Amino acid sequence: MTVVGVRDLTVEFGHVVALQDVTLDARPGRITAVVGGDGAGKSTLLRVLAHRVRAVRGEVLTVDRERLGYQPSTSGVWATLTVDENVEFVGRSYGMSTRQIRTRSAELLERAGLAEAGGRLGRELSGGMRQKLGFVLAILHEPQVVLLDEPSTGVDPVSRVELWRLISTTATGDTVVVMATTYLDEAQRAASVLALDAGRVLAAGTPDEIIAAVPGTIARLDGTDAPSAELTPLTWRRGTERHIWLPAGVPTPPHGVAAPDFEDALVALSLAAAPAGRVARDRRSLAYRDPTSEHSEVSIRDASGGATRPAEAAPTAAPTASATAVTKRFGHHLALDGVGLEVRPGEIVGLIGANGAGKTTLLRILLGLEGADDGTVTLFGRAPDNASRRRLGYVPQGLGLYTTLSVRENVAFLSRVYGVPRPQLPPALQEVRSSLVSDIGLGRQRQLAFALALSHSPELLVLDEPTSGVDPLGRARLWDVIHTQAEAGRAVIVTTHYLQEAEQCTRLVLLASGRLIGSGTVSDLTRGTSAVLVRSEDWQRAFDALDRSRLPIMLTGRDIRVAGTSAAVVQDALAGIPATVTSVPPTLEETMVLLDRDRDHEHREGAAA
Amino acid sequence: MRAIVLKEFQELRRDRRTLALLIVMPLLLLIIFGYAANFTVDHLTVAVYGSGATTVTKLIDDNAKLKDHLDVVSTDAGGTKTDARNGLRDDKTDVAIVAAASNVDVYIDGSNLFAAQSARTIFAQLQQQVAQQAGKQGQGTASAQQTTTITVTTLFNPDLKTSWVMIPAIIGLILTFIGTIITSIGLVREREAGTLEQLAVMPLRPSAVVLGKISPYFLLACFDMALITVLGLLLFGVPFNGDPLIFIVGAALFLFVVLGLGVLISSVSRTTGQAIQLAFMVLLPQILLSGMIFPLSAMAAGVRWIGYCLPLTWFTMISQGVMIRGAGWNSLWFPLVILAAMAVVIFGLAVVRLSRSISPVKQHEHPETDAQHDAVAEVAR
């Protein structure tokens, strides 16, 4: 029975349709994830349920404000109040007695690992701690319905695991939990998912149901299975593989059907809903070209206009950019602590870490925008200088476009600055070349920023969080562009807080609060760690038992994953609760949590000594 | 460099706020300083009392030079010195003249600094002329006529101290500052941090949120007002001649107006920067046009009417009237009514806007949802 939800909901802001015919059915005792990119309508949907936005059409079923807990995407923590004051204020606002507040907050802050931070101001908390406090505030009055707006975006892996544990513990009871997220792995762990794309429902159901609901087939391609030009837009890259969505009736390529995961499913569903997908469905043709012909390689149109050189990547090539033992302080804050990084032509180096881990600072030092307190940085073999700027393309997190200028004026400005001819824009941008950048939407803004960064054929491409808040298909497209650049011999550095994007990178550099916690390929990093999967009919009891034993656990649907331990230890902790316990390969996230813990432990011991 | 110059112009063309600042500001400053910034008061209003009142009025009206500067607005042959003082206290005129048979007493309102200075100059010249004439006549026709003596007295602010006039006005300025800038920042900060949204989903009545947000600033402003008033009295020896109750009522009304302005500013600003920019746009004309620096009577009529639209103008009238002249209800009722009207309109509008932005929206009612609501209530129990 639906307790909280909407049926055929439409919301408009002025002329903008924020949600169209959306149906959501959230039930107690499970997490319902609303997944989508920025602008998909996730926040609007939560705000409708929180009595903040009026529906134009459709039914809304929700509870009154006393029984509702809400965490806005900004965490909802008062920055100038201490942790205790935050809790007290929210408790009082919900009419709780001082004693109730005290007992409830003691329990929750303890569970959130914030018990010792009671006197710290909201603004002094790390991003992860702030989000955990925000969650504590949202569930303080034991609401019947909890609405969480991207509680984990940009949060470090350790805090994310803890946050997920807090959320899943809440959802094991009678509470309805609806959470918006841009993380697919997180959505996949939820029991029920609503995928939104530009205000419309892309898919709904359990993750497995969504994977099963993909029309047509998802197939694997390699270099020898080059599809025709009209089918090229239906392909996307997954690490070393390339996948393609084929509408029903189109013959499957020789390499056969892939076992699609949640990400593949959402990309395919987006394609099926897009005009390109409809065109392909109509054509029902798939011509595999002769791999020896010059067009054999699947190539996504280069945003720079196709001025690419053949790959010259050689492992022995001199690094395009390198940083060695870089340390940077801002006042008392140690932003980077002896961090190193190296990128060679043709490589994609992924700089992975939470918000505040020091990714952007490291990039800025590498680009010569910021000086290091200690350590050395080289760019094209020497210290960063004015001349080296001409040879690099940088897309900052904020995109760095002039939003009050038109697309054409932005292009003209950049071409004048670099003294290069104006780049050929992709068709999607050509259509809007006279519009102001502020009016063309986030997706096209990102495309434009890429096109501009590539306009002067840079040797090093530096991308700061290019995929943050982008929907799965958009992310797949951006990665296509990034790979094309690397294949053309450019060195690429990408920062991301999406761990699942690690598979797209040649090498990874993992950062946590300014420290390097690991580097290498995914298999380098996960080697030597272990994980255990627990499957039990009585999963709630199993979860509670493992939670009490303080093992690093993660609820995935109804399964429980335990990182960095052996099956025997888990069996012990389960203390007789019937369950199947199997050793499984660890995920990068689990590895990062363990690495961060070890490092933290060392750090503390070092400080103590 | 050319690329950047070009880009800058393109950006400026699109930025309406900056464009407005570039064009409106110079025009505004030109007009204000051209028409309003004038310390010299050319025209003084005069009331004439006493048995010789008609004679004096005729004398002034006949003397072209005097008539340029003095504008006799009332002539009261039966009036006394007390009437003259009361008239000035009630701010009816700048100057009051009491003409008896042989001596003329001139009273100047010292609370109107620049008018008082002009009046002093005019009457000092007059004194000289009269003395010279008396001398000539004495030599020529040997005491045919009685000599007339002119005594000039400056009331309320005998030394024409600037601080006495400024401090009552500055109290208003400080209240404006706290009311608009601090209040709007306090609200916008919460909007920026996203916590206003948090407040909006809590089971708090909108009125509780609005009052809870505004009362601290109201109290702080009250405290500041008391502090400034007491310090002004102690440090500068500014007198407090009137009824404190009038002052308190006026200040309270004024506070509602400026707090309302602050809340309104916050409701149309998305960032603290925007709020500060707007608050200064509200503050600047009040400093220049409220009469606290440039006398209202010296402004061109159009600009003066802008001044009459600003709350600080009316508060300054009240605070100067009460503190320096000891004016009473009967003369200050009008500014009080104006402030009360402004308070009702501005504060009311602000509270309605703010509470509307944080009240829960009402979804359309559907018959079947009602049934489901009951089911939800069931589950909740």
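For the range A:211-235, which positions are among the polar types (S, T, N, Q) and at pLDDT 75 or above?
Within the range A:211-235, A:Thr217, A:Thr232, A:Thr235 qualify.
Only one of these is away from chain A (no Cβ under 14 Å), touching a Phe, Trp or Tyr at 6+ places or on another chain (Cβ under 8 Å) and within 30 Å of B:Gln198 (Cα to Cα): B:Ala343, B:Ala350, B:Ala298. Name it.
Numbers: B:Ala350 fails: touching a Phe, Trp or Tyr at 6+ places or on another chain (Cβ under 8 Å); B:Ala298 fails: within 30 Å of B:Gln198 (Cα to Cα).
Selected residue: B:Ala343, the only one of B:Ala343, B:Ala350, B:Ala298 that is away from chain A (no Cβ under 14 Å), touching a Phe, Trp or Tyr at 6+ places or on another chain (Cβ under 8 Å) and within 30 Å of B:Gln198 (Cα to Cα).
For the list (1) in contact with a strand residue (DSSP E or B) (Cβ under 9 Å, 6 or more places away or on another chain); (2) open to solvent by 60 Å² or more (accessible area, probe 1.4 Å), I need the number of the one condition that A:Glu107 fails.
(1)
Would you mind stating whether A:Leu414 is under 27 Å from the mean Cα position of the chain (by Cα), touching a residue at least 12 places away in the same chain (Cβ under 8 Å) and within 27 Å of A:Arg475 (Cα to Cα)?
Values: under 27 Å from the mean Cα position of the chain (by Cα): no; touching a residue at least 12 places away in the same chain (Cβ under 8 Å): yes; within 27 Å of A:Arg475 (Cα to Cα): yes.
So A:Leu414 does not fit the description; no.
Quick check on this structure: which one of A:Gln131, A:Gln100 is open to solvent by 10 Å² or more (accessible area, probe 1.4 Å) and within 14 Å of chain B (Cβ to nearest Cβ)? Spell out the reasoning first.
Values: A:Gln100 fails: within 14 Å of chain B (Cβ to nearest Cβ).
Sole residue among the options that is open to solvent by 10 Å² or more (accessible area, probe 1.4 Å) and within 14 Å of chain B (Cβ to nearest Cβ): A:Gln131.
If I ask for residues that are among the hydroxyl-bearing types (Ser, Thr, Tyr) and open to solvent by 50 Å² or more (accessible area, probe 1.4 Å), which ones from the range B:19-46 would you list?
Taking the range B:19-46 as the starting set, the residues that turn out to be among the hydroxyl-bearing types (Ser, Thr, Tyr) are B:35, B:40, B:45.
Correct list: B:Tyr35, B:Thr40.
If I ask for residues that are open to solvent by 10 Å² or more (accessible area, probe 1.4 Å) and more than 15 Å from the chain's Cα centre (by Cα), which ones from the range A:454-468 would you list?
Those that are open to solvent by 10 Å² or more (accessible area, probe 1.4 Å) and more than 15 Å from the chain's Cα centre (by Cα): A:Ser455, A:His456, A:Ser457, A:Glu459.
Residues that are surrounded by 24 or more Cβ atoms within 10 Å (Cβ to Cβ): which strands (runs of 3 or more DSSP E) entirely in the range B:70-120 hold 3 or more of them? Even if it seems obvious, please write down each step before you answer.
On the way: elements: B:70-76, B:95-99, B:103-109.
It comes to B:95-99, B:103-109.
Answer yes or no: is there a residue in the range A:345-361 that is outside the structural domain of A:Leu125 (by TED's automatic domain parsing), of a type in the set (D, E, K, R) and without any contact (Cβ under 8 Å) to a residue 24 or more places away in the chain.
Quick first cut of the range A:345-361, residues outside the structural domain of A:Leu125 (by TED's automatic domain parsing) only: A:345-361.
So of that shortlist, the ones also of a type in the set (D, E, K, R) come out as A:347, A:359.
After this cut, where a residue has to be without any contact (Cβ under 8 Å) to a residue 24 or more places away in the chain as well, the list is none.
No, the range A:345-361 contains no residue that is outside the structural domain of A:Leu125 (by TED's automatic domain parsing), of a type in the set (D, E, K, R) and without any contact (Cβ under 8 Å) to a residue 24 or more places away in the chain.
Give, as residue ranges, the helices (runs of 4 or more DSSP H) completely inside the range B:172-250 that count at least 1 residues that are of a type in the set (Ser, Thr, Tyr), under 30 Å from B:Asp159 (Cα atoms) and open to solvent by less than 50 Å² (accessible area, probe 1.4 Å).
Working: elements: B:183-193, B:195-201, B:206-236.
In the range B:172-250, the matching helices (runs of 4 or more DSSP H) lie at B:206-236.
Taking the stated definitions as given, is A:Arg561 touching a residue at least 24 places away in the same chain (Cβ under 8 Å), open to solvent by 40 Å² or more (accessible area, probe 1.4 Å), over 13 Å from A:Arg165 (Cβ atoms) and of a type outside the set (A, V, I, L, M, F, W, C)?
Working: touching a residue at least 24 places away in the same chain (Cβ under 8 Å): yes; open to solvent by 40 Å² or more (accessible area, probe 1.4 Å): yes; over 13 Å from A:Arg165 (Cβ atoms): no; of a type outside the set (A, V, I, L, M, F, W, C): yes.
Here the answer is no, as A:Arg561 does not meet what is asked.
From the residues in the range A:352-371 that are among the small types (Gly, Ala, Ser) and out of contact with any strand residue (DSSP E or B) (no Cβ under 6 Å at 6 or more places or on another chain), which one is least open to solvent (accessible area, probe 1.4 Å)? So that I can check it myself, show each step before the final result.
Looking only at the range A:352-371, we keep the residues that are among the small types (Gly, Ala, Ser), and these are A:353-354, A:356-358, A:368, A:371.
Keeping just the survivors that are out of contact with any strand residue (DSSP E or B) (no Cβ under 6 Å at 6 or more places or on another chain) gives A:354, A:356, A:368, A:371.
Details: A:Ala354: 7, A:Gly356: 67, A:Gly368: 33, A:Gly371: 47 Å².
Looking at the filtered set, the residue picked out is A:Ala354.
Name the residues in the range A:138-192 that are within 14 Å of chain B (Cβ to nearest Cβ) and touching a Gly at 6+ places or on another chain (Cβ under 6 Å), would you?
Answer for the range A:138-192, where residues must be within 14 Å of chain B (Cβ to nearest Cβ) and touching a Gly at 6+ places or on another chain (Cβ under 6 Å): A:Ala138, A:Ile139, A:Leu140, A:Pro143, A:Val146.
If you go through the range A:1-34, how many residues are in contact (Cβ under 8 Å) with a residue 60 or more places away in the chain, assigned to a strand (DSSP E or B) and at the interface with chain B (Cβ under 10 Å from one of its Cβ atoms)?
Number of matching residues: 1.
Report every pair of residues separated by at least 6 positions or lying on different chains whose Cβ atoms are under 7 Å apart, first residue within the range A:76-87 and farther than 19 Å from B:Val201 by Cα, second part of a loop (DSSP other than H, G, I, E, B).
That search, which allows pairs on different chains as well, returns A:Thr82/A:Gly118; A:Thr82/A:Gly119; A:Thr82/A:Arg120; A:Val83/A:Leu114; A:Val83/A:Gly118; A:Val83/A:Arg120; A:Asp84/A:Gly118; A:Asp84/A:Gly119.
Is it true that some residue in the range A:508-519 is over 13 Å from A:Leu595 (Cβ atoms) and out of contact with any His (no Cβ under 9 Å at 6 or more places or on another chain)? Even if it seems obvious, please write down each step before you answer.
Applying the first criterion (over 13 Å from A:Leu595 (Cβ atoms)) to the range A:508-519 yields A:514.
Going one step further and asking which of them are out of contact with any His (no Cβ under 9 Å at 6 or more places or on another chain), we end up with none.
No, the range A:508-519 has no match at all.
For the range A:62-86, give me the residue count where each residue is more than 7 Å from chain B (Cβ to nearest Cβ) and of a type in the set (D, E, K, R).
Here the count works out to 3.
If you take the residues in the range A:372-387 that are outside any strand (DSSP E or B) and open to solvent by 50 Å² or more (accessible area, probe 1.4 Å), which one is modelled with the highest pLDDT? Working first, answer last.
Of the residues in the range A:372-387, the ones outside any strand (DSSP E or B) are A:372-373, A:380-381, A:383-387.
With the extra rule that they be open to solvent by 50 Å² or more (accessible area, probe 1.4 Å), the set shrinks to A:373, A:381, A:383, A:385-387.
On the way: A:Asp373: 91, A:Gly381: 86, A:Ala383: 85, A:Asp385: 81, A:Asn386: 80, A:Ala387: 82.
Among those residues, the one meeting the criterion is A:Asp373.
For the structure I just gave you, tell me whether A:Gly154 is buried (at least 23 other Cβ atoms within 10 Å of the Cβ) and under 30 Å from A:Glu12 (Cβ atoms). Show your work before the answer.
Values: buried (at least 23 other Cβ atoms within 10 Å of the Cβ): no; under 30 Å from A:Glu12 (Cβ atoms): yes.
No; evaluated as a whole, the condition is false for this residue.
If you go through the range A:41-51 one residue at a time, do you hit one that is more than 7 Å from chain B (Cβ to nearest Cβ), open to solvent by less than 20 Å² (accessible area, probe 1.4 Å) and among the basic types (Lys, Arg)?
yes
Mind listing just one residue for me: the one in the range A:110-122 that is open to solvent by 60 Å² or more (accessible area, probe 1.4 Å) and out of contact with any Leu (no Cβ under 8 Å at 6 or more places or on another chain) and, of those, nearest to the other protein chains (Cβ to nearest Cβ)? Before the answer, list the steps.
Of the residues in the range A:110-122, the ones open to solvent by 60 Å² or more (accessible area, probe 1.4 Å) are A:110-111, A:116, A:119-120.
Now narrow it down to the ones that are out of contact with any Leu (no Cβ under 8 Å at 6 or more places or on another chain): A:110, A:116, A:119-120.
Working: A:Glu110: 23, A:Glu116: 24, A:Gly119: 20, A:Arg120: 17 Å.
Looking at residues that are open to solvent by 60 Å² or more (accessible area, probe 1.4 Å) and out of contact with any Leu (no Cβ under 8 Å at 6 or more places or on another chain), I get A:Arg120.
The values are calculated or read from the model by the stated rules, or taken from the named source; none is laboratory data. Just so we're clear, the structure is a prediction, and the values are computed from it rather than from any experiment. Heads up, the Cβs are rebuilt from the backbone with ideal geometry, glycines too, and the neighbour counts pull from every protein chain shown. Areas reflect the complete protein model, heavy atoms only, side chains present, ligands, DNA and RNA absent. Shrake-Rupley method; radii C 1.70, N 1.55, O 1.52, S 1.80 Å.
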